[in-house]
Structures are given as structure tokens and as C-alpha cells.
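The values are calculated or read from the model by the stated rules, or taken from the named source; none is laboratory data. Source: prediction; values computed, not measured. Cβ: placed from backbone, ideal geometry, glycine included. Neighbour counts: every protein chain shown. Heads up: the accessible areas ignore ligands, DNA and RNA and are worked out on the full protein's heavy atoms, side chains in. Shrake-Rupley method; radii C 1.70, N 1.55, O 1.52, S 1.80 Å.
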Amino acid sequence: MKFFVDTADTAEIRDLASSGLLDGVTTNPSLIAKAGGDFFDILKDICDAVDGPVSAEVTAVDAASMIAEGEKLAKLADNIAVKVPLTLDGLKACRHLSDQGTMVNVTLCFSAVQALMAGKAGATFISPFVGRLDDISQDGMKLIEDIRQIYNNYEEINTEILVASIRNPTHVLRSALLGADVCTIPPAVLRQLVQHPLTDRGLEAFLADWAKTGQSIT
Ligand code: G3P
């Protein structure tokens with residue numbers, strides 16, 4: 001499974017990229033606003049920091065304007081994935097940009113038939129928002145299960161399932177068990193993935209016992 005980080009905080013991205021565990025980045029207009037600064041400068045900085053796909057979202061709502069924005073964004077770097085919303089205009093733009101060889105991430109997916117439509121439109125990634133479904137008492141992970149089954153049924157669909165709106169490590173665990181292709185994860189949750197209290201306690205005990213030996217490896 002690929003791990004993307006869901007942030008526009010370039011310092012955070014560089015730090016996580018140094019782990020070698022980061023396969024890409026997703027941004028959205030809210031994350032850009034939170035980071036502050038010039039959109040294009042932020043994107044160029046992120047594209048320099050990671051080799052994998054960097055999702056950059058259009059803000060137009062009609063297909064022609066989305067295509068124009070997408071073409072401009074795609075020129076920034078080879079690893080830009082243009083992000084479009086799951087609307088009919090978004091899917092038109094998706095088909096057009098995808099046919100030009102640009103990676104497209106179709107976002108704001110909340111139903112399995114929406115994901116089927118994005119697959120037909122040639123999306124590189126579909127972004128189902130699991131946390132926002134959980135927030136309204138629906139089962140976000142059931143959506144991932146349904147999309148996985150639908151995409152498995154049709155070998156002509158090459159769209160990768162990019163689980164978005166992740167709130168906790170359990171979302172990542174269940175995504176991996178269901179065979180999702182990518183999780184885009186907030187930095188804090190990404191760091192949580194390696195933590196376990198028994199790891200901390202065990203390490204503390206090993207180091208205390210090692211200190212008693214009075215030895216040093218180096
Ligand atoms: O970037 C898209 C998605 O991951 C947003 O998540 O936490 O705003 O629901 P959230």
C-alpha cells in the first residue's frame with residue numbers, strides 16, 4: 001500500500017519524506033489556506049520534496065475552466081496529479097486531462113456509483129472520504145469495500161483507490177485489509193502508525209538494562 005500525506009505544510013512533508021516511507025502528497029484548497037502562502041510556490045516546493053504524485057486541486061466548477069486550470073497546474077512539475085471534484089463537469093475534465101496523459105485525482109467521492117463513474121472517466125485516483133461519512137454516522141469503510149469489489153469486477157478500470165479523510169490508524173488498517181491502493185493520511189496520524197505503548201515500554205527496559213552493563217557499541 002502507498003502512503004500519501006494529506007497536508008500542504010512543506011516542513012512537515014520534508015521531514016516525513018526523509019523517512020523514505022512517503023509515496024506522495026495530497027493537498028486541497030482548505031489545506032493550502034491553512035498552510036498560507038502562494039499556491040504555486042507551495043506546490044513547486046512540495047513537488048521538489050517528493051518523487052511521487054502531488055495532488056493539486058482546481059477551483060473552477062465548469063469543465064472548460066477546470067481543464068484550463070488543470071493544464072496550468074500540470075505544467076508545474078511531472079509529478080502533479082490534477083484534482084477535480086466528483087461532478088459531471090469534473091468527470092469531463094478528468095477524461096480530457098487523462099487523455100492528455102495527466103494524472104487525475106477525482107475527489108469528494110461519497111458513493112460507490114460515483115467511484116464507478118470516475119473509473120469510466122479514466123481517473124488515476126478516486127478519493128472516497130471515509131472520515132466525513134463516519135462523521136454523519138455512515139460507514140466510511142463500507143464504501144471502500146464496495147468500490148474495491150466494483151473495480152475488481154471490471155479489469156478495464158485501472159483507477160487506484162486513494163482512501164481520504166482518514167482520522168485514525170484503524171482507518172489505515174481496514175484500508176489495507178480491504179486492498180485499497182493508497183491512504184492519504186494527516187501527518188499526526190501517520191506518526192501514530194508506528195507507535196505502540198509496549199514498544200516504548202520495551203525499549204525503555206532494554207536501554208535501562210544495557211546501561212547497567214556499562215558497555216558501548218561505538
Ligand atoms: O484531502 C482530502 C481529505 O483527505 C480531507 O479530509 O479531514 O478534511 O475530511 P478531511
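Given the structure, is V61 away from the ligand (no atom under 16 Å from the Cβ) and either under 19 Å from L97 (Cα atoms) or touching a His at 6+ places or on another chain (Cβ under 6 Å) (or both)? Yes, satisfied.
Okay, residues lined up against (1) at pLDDT 95 or above; (2) touching a Lys or Arg at 6+ places or on another chain (Cβ under 8 Å); (3) open to solvent by 70 Å² or more (accessible area, probe 1.4 Å):
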| residue | (1), (2), (3) |
| --- | --- |
| I166 | yes, no, no |
| L178 | yes, yes, no |
| D181 | yes, yes, no |
| P187 | yes, no, no |
| R191 | yes, no, yes |
| A205 | yes, no, no |
| W210 | yes, no, yes |
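Restricting L173, L162 to residues that are touching a strand residue (DSSP E or B) at 6+ places or on another chain (Cβ under 8 Å) and either surrounded by 12 or more Cβ atoms within 10 Å (Cβ to Cβ) or closer than 27 Å to D99 by Cβ (or both) narrows the list to L162.
Taking every residue in the stretch 153-166 that is acidic (D, E) and pairing it with any residue that is assigned to a loop (DSSP other than H, G, I, E, B), at least 6 positions away or on another chain, the pairs with Cβ-Cβ distances below 7 Å are E160/T124; E160/D181.
Number of residues in the stretch 125-148 that are more than 10 Å from the ligand (Cβ to nearest atom), surrounded by fewer than 20 Cβ atoms within 10 Å (Cβ to Cβ) and among the hydrophobic types (A, V, I, L, M, F, W, C): the value is 1. For the residues D45, D62, the requirement of being modelled with pLDDT of 95 or more, buried (at least 16 other Cβ atoms within 10 Å of the Cβ) and of a type in the set (D, E) singles out D45.
The set of residues from the stretch 1-28 being open to solvent by 60 Å² or more (accessible area, probe 1.4 Å) and within 14 Å of the ligand (Cβ to nearest atom) comprises just one member, D9. All conditions but one from (1) buried (at least 20 other Cβ atoms within 10 Å of the Cβ); (2) under 29 Å from S65 (Cα atoms) apply to Y151; the one that does not is (2).
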